[in-house]
Amino acid sequence: MWHYSGMTTDSPAYRATPWAAWLFRVTITVEAILALGQPILIGAFLQGNYDALAAHQTNATITGITAMVTAVAAVLYWRAGHGPAWPTWLSLLLVAAIVVQIVVGYSRILAVHIPLGVLIVTTALWLAVWSWRSS
């Protein structure tokens, strides 16, 4: 039977230094919490709490800034911390998705805004769970 013995994230070559792993874990966890707050805030708006729309907009800005910080943490996790590269690329895609999300949100293009929001929340949550389980 053929067995692939290539590197995985559990191999010694991908054992990230603790500070880099923790920095990425903390930032992606904050990002996931903020992203998860977005559908909750817009749901409150749809139920008649009209102040929740302003909170949704403010949280979107904070989520975008946090995504940028997370991307920097992912680069440090990869380059300085010797972790895998793919979380960096996924974090950068998350930043790009959030930028598009903010643009289509302000443009009221809900046919894109809602499914993209689902993708952003799912990706952030998945990365957060992975970051805590990978060590």
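Observations, loosely collected:
Listed here are the residues, each with its yes/no results for (1) of a type in the set (A, V, I, L, M, F, W, C); (2) over 21 Å from ALA55 (Cα atoms); (3) in contact with a Ser or Thr (Cβ under 8 Å, 6 or more places away or on another chain).
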position	(1), (2), (3)
PRO87	no, yes, yes
SER91	no, yes, yes
VAL100	yes, no, no
SER107	no, no, no
ALA111	yes, yes, no
ILE114	yes, no, no
GLY117	no, no, no
LEU127	yes, yes, yes
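- Single match in LEU94, LEU76 (criterion: part of a helix (DSSP H, G or I) and under 17 Å from LEU34 (Cα atoms)): LEU94
- Criterion applied to ALA85, ALA67, ALA52 was being touching a helix residue (DSSP H, G or I) at 6+ places or on another chain (Cβ under 7 Å), touching a residue at least 24 places away in the same chain (Cβ under 8 Å) and among the aliphatic types (A, V, I, L, M), and the one residue passing it is ALA67.
- Checked against (1) within 19 Å of PHE45 (Cα to Cα); (2) exposed (fewer than 15 other Cβ atoms within 10 Å of the Cβ); (3) not aliphatic (A, V, I, L, M), TRP126 meets all criteria but (1).
- Subset of segment 41-74 [surrounded by fewer than 19 Cβ atoms within 10 Å (Cβ to Cβ), within 27 Å of TRP22 (Cβ to Cβ) and aliphatic (A, V, I, L, M)]: ILE62, ILE65, MET68, VAL69, VAL72
The numbers here are math on the coordinates, done by the rules we state, and not lab data. Predicted model only: the values in this text are computed from it and were never measured. Heads up, the Cβs are rebuilt from the backbone with ideal geometry, glycines too, and the neighbour counts pull from every protein chain shown.
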